[in-house]
Each structure stands twice: as structure tokens, then as C-alpha cells.
Amino acid sequence: MSSSDASPIAVPATANVEDHPVRFRFENTFARLPEYFYVRLDPTPVAAPHLVKLNRELARSLALDPDELASPQGVEILAGNRVAEGAEPLALAYSGHQFGHFVPRLGDGRANLLGEVVGHDGVRYDIQLKGSGPTPFSRGGDGRAALGPVLREYIVSEAMAALGVPTTRALAAVTTGERVLRDTAVPGAVLTRVAASHLRVGTFQYFAIRGDTEATRILADYAISRHYPEVAQATQPYKALLDGVIARQARLIAQWMLLGFIHGVMNTDNTSISGETIDYGPCAFMEAYHPATVFSSIDHGGRYAYGNQPRAALWNLARLAETLLPVMVGEAGSEEAAVAAANESLAAFEPQFEAARYSGLRLKLGLSTEHEGDSALAESLLQCMADNRADFTLTFRRLCDAAAGAEGDAGIRTRFADPAAFDTWAAEWRERLQKEPADQQARATAMRRVNPLFIPRNHLVEEALDAASRRQDFQPFEELLKVLSQPYEDRQDLERYAMPARPEESVLQTFCGT
Ligand code: AMP
Ligand code: MG
């Protein structure tokens with residue numbers, strides 16, 4: 001057992017490695033796949049590793065010892081200066097459609113998969129270093145990551161996890177003691193990312209574009225055994241794999257929509273086979289609700305705008321279906337039958353997405369039973385919010401107060417440009433609530449479990465990154481992380497974290513900063 005989180009580093013700097021090994025207990029499976037699935041390569045050492053954040057709770061859930069990770073040897077491993085025992089570092093090969101344009105060879109240009117560990121939940125997880133140096137896939141990039149984007153991914157992925165959304169996690173962030181050149185020279189950093197796996201739609205595309213059906217089959221079998229073991233016995237396992245990915249993506253995108261999350265770069269290389277949110281670049285949580293909202297500075301056409309996310313996901317899944325066709329032919333009997341099967345799978349996305357979104361919206365409105373008109377009621381609130389630039393998160397959160405009694409309306413009306421517009425909608429809503437079980441307090445409590453109070457608001461994220469990058473002040477980062485770890489719990493004196501940006505604080509654009 002480790003000592004408390006506040007304890008100083010347990011292993012003295014002079015400790016010898018043999019005395020204090022950093023035990024990962026790697027059990028690698030991806031490294032057993034054919035050599036052309038990746039390039040074996042160690043991370044590139046950095047000048048002066050310094051641990052700025054360790055996710056001790058996540059470490060424990062992965063059967064890792066946080067004190068070992070925080071030791072000098074542990075930090076060297078997290079920086080890429082030392083290869084842990086049992087690690088088999090490699091850069092994964094993949095392709096990707098980036099904003100609709102196909103790039104046959106992307107791959108890990110700045111990441112090394114160290115290996116896999118099995119958590120206390122019995123799930124196998126990838127441990128990956130991101131920002132760990134150039135690889136044969138770097139395409140002219142420096143293979144590095146800047147501290148700002150590393151902390152951004154740390155904050156937002158951990159916030160998503162606390163919100164209950166499937167996501168990759170952040171195990172650690174270290175600074176490198178080196179500067180990386182972006183718009184200016186900024187501090188470099190390495191993120192340790194934990195993922196159910198790093199298989200993406202783009203991984204399948206990598207082999208499909210090369211016409212390598214055998215590799216596609218090996219990859220599909222691997223994806224099935226790792227993420228969808230239940231489909232191995234299906235009569236058409238590859239169609240069942242496609243169905244599985246579609247179902248998880250439909251649920252995932254519905255969760256994003258219900259929280260106002262905008263991924264920002266829904267390219268096929270950022271669409272995970274496991275159904276996790278992956279690659280936090282110019283992502284953002286929407287404040288004033290509008291379906292056309294875009295933050296990413298590189299998304300000129302609004303391809304990945306909030307309201308386009310379901311369509312973008314389906315487009316990516318269609319690309320996955322295409323890659324699977326050659327292996328689906330065998331099980332379907334003919335090419336026509338395989339195409340028909342793939343189309344049938346794809347047709348299931350929209351109803352599954354709509355069902356997940358709709359049931360989520362009903363819970364957000366406090367509707368535990370289902371009645372005709374519920375969907376229209378939800379849509380009319382969203383329309384009203386769009387017309388009135390109402391803050392997405394705060395509107396739904398304050399609806400919990402309004403559900404406990406009409407005196408709760410005051411806090412929500414003021415979020416609407418025209419408060420009377422809310423009153424009109426609220427009258428309809430209250431009429432509908434008559435059909436619900438009478439206990440108002442229970443309703444409000446249930447609503448507070450699905451309508452978060454704290455999301456990573458852009459101006460707060462920027463403030464935290466700025467303090468860390470410019471002043472080496474990690475206090476705002478730590479405080480923000482702490483608030484976001486309990487997004488549904490109201491606590492004293494945290495008003496500032498719940499409120500939307502004032503106009504002068506408002507962040508209108510986000511950047512990859514890669
Ligand atoms: P991303 O935008 O992070 O999803 O990355 C898209 C592709 O660009 C992936 O192949 C990355 O490995 C690669 N990439 C991003 N940043 C860098 C970098 N600084 N150096 C090398 N490759 C990079
Ligand atoms: Mg990516």
C-alpha cells in the first residue's frame with residue numbers, strides 16, 4: 001500500500017534501481033502482432049524530467065504503485081529517459097481521413113506505446129507516452145508536445161472520466177526541461193496516456209488501403225478479442241464487430257451531445273475502436289448553446305461543429321465498414337451480401353444515437369416516465385436556449401432547482417436573453433411534470449446526477465494552462481482538476497468555477513498547439 005497523496009517522494013534520489021524497481025507488470029499483446037503493424041522504437045530521452053502531476057488514484061486502479069512512479073526512476077520512465085522492465089516501446093502505424101482528406105501514412109508521430117497492463121477491473125490498458133520524441137511517422141514534426149496541450153488533455157480527459165464518459169485517461173504529466181518551438185518557444189512535456197487501446201478507424205484503413213486483407217483480418221480478430229469478445233461466437237463476427245463499434249460510438253456521441261462537448265477533430269485516426277473519447281486537441285465545452293458552435297481554429301468549414309458530430313461519427317464509421325468489407329465477404333457469402341450487411345449495420349447508428357440522446361434528454365429534464373411530446377418539449381427548450389444564447393451547462397443545472405420548486409426559476413431566467421421565453425417553456429414543462437411521480441426533491445436530486453455543475457470551461461482551462469506555462473504556477477491547474485473531479489457535487493465557494501466566462505474572459509477559439 002502506498003502512503004497518503006500528500007507524502008513526499010518515497011524513494012531517495014540516491015536509491016539504486018535494483019532496490020527500488022518501478023513495477024508495471026506489463027503483459028503486452030499488441031507487440032505480438034506482425035512487425036508491420038508498428039515500428040519498435042524507444043522514446044527519445046529529454047534533458048531534465050520533472051514530474052508535474054501524477055494521477056495516484058488511476059495508478060492504484062492499474063495496480064501500479066504511485067510512490068514508485070513518483071520516484072526518480074519512475075519519473076525517468078514517464079519522461080522516456082528509461083525503459084521500464086517489460087516495456088516494449090513501439091509507434092503504431094495508422095492512416096486517417098483528416099477533415100475528409102485521406103492520409104495513407106499517419107501513425108504515432110510523437111508517441112510510444114510502452115505496453116499493456118491489466119487493471120483491478122480486469123480490463124487491459126495501453127500505457128502510452130505522448131510527446132516522447134520523433135518516430136518514422138513524424139512527417140517533419142518534432143515528435144514533442146508542449147506543456148499547455150499536455151495539461152489541457154490531462155484536465156479535459158479527467159473531467160470526462162469524472163462525468164462518466166468513456167475516455168482515455170491521464171496517468172502523469174512531466175516537463176522535459178526542453179523548449180519546443182510552436183508559435184514561440186514553449187516548455188515541452190510528456191503525457192502518460194492510458195487507453196483501453198489505441199486501435200482507431202485509421203488503423204483499419206492503414207491495411208485496407210494497402211489491399212492487405214490478411215492484416216485486416218488479424219487486426220479485426222485482435223479488436224474482437226480485446227474489445228468485443230462476446231462477438232467471437234457470432235455467425236458473422238466481423239459484422240458483429242462493426243455493429244459493436246457502431247453501438248459504442250452512437251452512445252459515446254450522444255453523451256458528448258448531452259454535455260455540450262465538442263471534440264473538434266473527429267478525424268478517422270481520432271475515432272477509437274473501443275468507443276472511448278480519444279485525442280483531446282482543440283476540444284471545448286460549449287457555453288452559450290448553439291448547434292453551429294465551433295472552437296477549433298483549424299475547422300474552417302465547421303465540419304466538426306457541435307451539431308455535426310453525429311454525422312461526422314457516422315461518416316467515420318462508414319469508412320470503417322469499407323475497410324471490413326473484404327473480411328465480411330467470407331462470412332456473408334458474397335460481395336453484395338457483405339455490402340448489404342455493412343449498410344444494415346450503418347443504418348443502426350442513427351436510431352441508436354437518437355435513442356441514447358433522447359433518453360438522456362428526458363433524464364436531464366427530470367422525466368422518469370415516457371410520454372408523447374417529451375421529445376418536442378426537449379427540442380423546444382434547446383431551440384429557446386439557442387435563440388437566447390443560454391449557457392448549456394448552467395441552464396440544465398439550474399433546471400434542477402426549478403424542478404424542486406418555481407422559486408428556482410429566478411436563477412435560470414436570467415441566463416436567457418429574453419427571460420420571458422423561459423417562462424413560456426417552463427409552463428409547458430411543469431404541466432408535463434404533473435404526469436411524473438410527485439416527489440419534487442427526489443426529482444431534483446436525480447436531475448443533479450445527470451446535469452453537471454462543473455465542466456472544464458474554456459477560460460478556466462486557459463487560465464490554468466497559462467499559469468503553468470508562463471509562470472510555472474501549477475496551483476490553478478491543481479484546483480481546477482480537484483473541482484472537476486466531482487462535477488455533479490455542489491460545494492461551498494466554487495461559484496467561480498460554475499459560471500460562464502464574462503465577455504472579456506470568453507475564449508472564442510481553441511488551438512491544437514501540437
Ligand atoms: P493529432 O492531431 O494529435 O491527432 O495528430 C495527427 C497526426 O500528426 C498523428 O500522426 C500524430 O502523430 C502527428 N503529430 C502531431 N503532432 C506531432 C508532432 N509534434 N511531431 C510529429 N508528429 C506529430
Ligand atoms: Mg490523433
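Annotations for the structure displayed:
- With Cα atoms defining each centre, segment 164-180 and segment 109-145 are spaced 11 Å apart in the structure.
- Restricting attention to the chain, the count of lysine pairs at 8 or more positions apart or across chains with alpha carbons under 27 Å apart stands at 5.
- Peptide packing: for 373-379, 123-129, the average count of neighbouring Cβ atoms within 10 Å per residue gives the ranking 123-129, 373-379, highest mean first.
- Using the Cβ of ALA417 as centre and a radius below 15 Å, the other residues enclosed give a net charge of -2, where K and R count +1 and D and E count -1.
- Estimated [θ] at 222 nm from DSSP helical runs (n ≥ 4, -39500 (n - 2.57)) normalised by residues in the chain, nearest 500: -13500 deg cm²/dmol
- Summarising the amide proton neighbourhood of ARG82: residues at separation of 5 or more, or on other chains, whose placed amide H is nearer than 5 Å comprise ILE77.
- R0 of 41 Å, Cβ-Cβ distance GLU336-THR29: FRET efficiency to nearest 0.05: 0.70
- Look at where the Cα atoms of segment 184-232 and of segment 390-463 average out, and the two centres are 40 Å apart.
- Shown for the chain are the DSSP H helices of 15 Å or more along their axis, judged by Cα atoms, with a mean Kyte-Doolittle hydropathy of at least 0.0: 147-163, 237-259, 309-332, 335-347, 374-387, 392-404.
- The residues neighbouring GLY148, those whose beta-carbon lies less than 14 Å from its own, together hold a net charge of +2 under the Lys/Arg +1, Asp/Glu -1 convention.
- Note on segment 82-224: Cα convex hull, mean projected area over all directions, 10.3 nm².
- Between ARG496 and TRP315, the simple spin-label model (points 7 angstrom out along Cα→Cβ) gives 4.1 nm.
- Charge sum, other residues only, whose C-beta stays under 10 Å from LYS239's C-beta, Lys/Arg counted +1 and Asp/Glu -1: -3
- Burial order of peptide ranges 213-224, 163-174, 99-110 (average beta-carbon count within 10 Å, highest first): 163-174, 213-224, 99-110
- Distance between the pseudo-spin-label points of THR424 and GLU322 (7 Å out from Cα toward the beta carbon): 4.5 nm.
- Stokes-Einstein diffusion coefficient of the chain, Kirkwood radius over Cα pairs, 25 °C, 0.890 mPa s, in µm²/s: 102
- For the pair GLU230 and ASN343, the difference between a 0.36 nm per residue extended length and the Cα-Cα distance amounts to 38.5 nm.
- Packing-based exposure ordering (other Cβ within 10 Å, fewest first) of SER469, SER95, SER334, SER359: SER334, SER359, SER469, SER95
- Descending by average beta-carbon neighbour count within 10 Å, the peptides 49-55, 36-42, 143-149, 302-308 line up as 143-149, 49-55, 302-308, 36-42, the highest first.
- Zero-based 5 Å bins, Cα pair distances in segment 3-198, whole percents: 1, 8, 15, 20, 21, 18, 10, 4, 1, 1, 0
- Backbone geometry of segment 58-65 corresponds, through the Karplus equation with coefficients 6.51, -1.76 and 1.60 at θ = phi - 60°, to 3J(HN,Hα) couplings of 5, 4, 4, 5, 9, 6, 9, 9 Hz, x marking Gly and Pro.
Just so you know, all these numbers are worked out from the coordinates, no wet-lab data involved. Treat the numbers as computed from the prediction; the structure is a model and nothing was measured. Neighbour counts are summed over all protein chains in view; Cβ atoms, including those assigned to glycine, are modelled from backbone coordinates with ideal geometry.
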